[in-house]
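Here's the structure, in structure tokens; my notes come after.
The values are calculated or read from the model by the stated rules, or taken from the named source; none is laboratory data. On a predicted model such as this, the values are computed, not experimentally measured, just so you know. No Cβ is skipped: glycine too gets one built from the backbone with ideal geometry, and neighbour counts run over all protein chains shown.
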């Protein structure tokens, strides 16, 4: 199947032929649907906190000396965010979105930059073109570098809001605020330049120091592309085509981090300071829950090793607090000794995104999982209507075992939960494969807790018009 040239190409990327062949097998067989049992709801898989409980857990987190890192997937370009703007400039297709942008141009954080550029605001196409092309060049920038919010002193890019969030809830006593951005190779210099320009301001503002780090998606996580007949897709020069494997590939980047607590939040889900209260409270609260559960887990593991454990008590704890129905003959130590994630879940108000479900295991177990619609079989689609919540990508992860050693996260994935999509290259159709999503199959065998968080903590920016929503003004 592979030529000598193919083997050298794969070796350079760190991909074995066996790995590529396994991916081709998945193209042929497809990925099985998840065996959904029911939607997780409040009282059955989702914890709902009172304001007092949220504040209590937040205080518990504040009282710890846990070493924390804020992990921000930020490699996505903003091309889709400006799709309608490109269509207007290049194809003269004017949409409602264009009218909204032009009518509200002064409300955008980048308005003053357009003024400084001397843009002719009487010329609609000149305004739109200056946003996405020569001028601000936002159409070629990653979301993290786009100005999202207006302030009296200085308007902020999305990445700056994460610097602020880090100072507010990801502090480790006596240590710098650690923030890790995953970026595209072509954008890393831009991130570093913006951080270098702005970091002293935030150090002074919050009286903290920062430790900012970056990583790129590893070439070894790319997946092979195939033709519609499942044969390897080749470029015009005969080389195999490998594609980035989606956010599931970032598990390798996450696995390289070493901290007691890892906060995960996407680059575009940020709000201005006057709306950060709920975000701060619930981030700390779910971190407090994670640390409290982790402490109890460690106690039970030690009791199991010492032979003093009450097995019935441990089973009740697992089923009540760790999102897992214990099958008969289960190895309780194995069930307990795995990574832990506490995931915020938002009430479903029609936003796209995966949802929380109970999934059946072949051994009679049930576990909490975040499932995308493509993972649910057609006959089980009605079950999606029963889902009251969706996944806003708001996670706190505890990734160390009871001896203080970091788990190897690659051992807790479900490789049967990838995604296949139809794409094209050079005008030719192809099929692409994504690895199990970072918060989907990549964390399938973690202990999982779902906690309801307010809708005010969820404000993603998918299109430029989203910046006009109240959450961003």
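Restricting the search to strands (runs of 3 or more DSSP E) fully inside the range 319-380 and requiring at least 3 residues that are within 29 Å of residue 457 (Cα to Cα), in contact (Cβ under 8 Å) with a residue 60 or more places away in the chain and touching a helix residue (DSSP H, G or I) at 6+ places or on another chain (Cβ under 7 Å) gives 340-347. Residues in the range 257-274 that are touching a residue at least 24 places away in the same chain (Cβ under 8 Å) and more than 16 Å from the chain's Cα centre (by Cα): 258, 259, 260, 271, 272, 273.
Residues that are at pLDDT 90 or above and farther than 27 Å from residue 30 by Cβ do occur in the range 346-353, at least one of them.
For the range 181-195, the count of residues that are outside any loop (DSSP other than H, G, I, E, B) and within 30 Å of residue 60 (Cα to Cα) is at least one.
Selection within the range 272-290: residues that are surrounded by fewer than 22 Cβ atoms within 10 Å (Cβ to Cβ) and touching a helix residue (DSSP H, G or I) at 6+ places or on another chain (Cβ under 8 Å). The member of this set that is nearest to residue 168 (Cα to Cα) is 280. In the set (1) more than 30 Å from residue 96 (Cα to Cα); (2) touching a helix residue (DSSP H, G or I) at 6+ places or on another chain (Cβ under 8 Å); (3) surrounded by 20 or more Cβ atoms within 10 Å (Cβ to Cβ), residue 457 fails one condition alone, (1).
Considering the range 61-82, and only residues there that are at pLDDT 90 or above and surrounded by fewer than 17 Cβ atoms within 10 Å (Cβ to Cβ), the residue that is nearest to residue 250 (Cα to Cα) turns out to be 67. When the strands (runs of 3 or more DSSP E) confined to the range 1-101 are screened for residues that are over 29 Å from residue 288 (Cβ atoms), those reaching at least 1 such residues are found at 36-39. The single residue among 120, 154 that is within 20 Å of residue 271 (Cβ to Cβ) and not in a helix (DSSP H, G or I) turns out to be 154. Taking the range 205-228, which residues are assigned to a loop (DSSP other than H, G, I, E, B) and more than 22 Å from the chain's Cα centre (by Cα)? Result: 207, 208, 209, 225, 227, 228.
Regarding residue 434, is this residue closer than 20 Å to residue 280 by Cβ, in contact with a strand residue (DSSP E or B) (Cβ under 6 Å, 6 or more places away or on another chain), in contact (Cβ under 8 Å) with a residue 40 or more places away in the chain and surrounded by fewer than 23 Cβ atoms within 10 Å (Cβ to Cβ)? For residue 434, the condition - closer than 20 Å to residue 280 by Cβ, in contact with a strand residue (DSSP E or B) (Cβ under 6 Å, 6 or more places away or on another chain), in contact (Cβ under 8 Å) with a residue 40 or more places away in the chain and surrounded by fewer than 23 Cβ atoms within 10 Å (Cβ to Cβ) - is not met.
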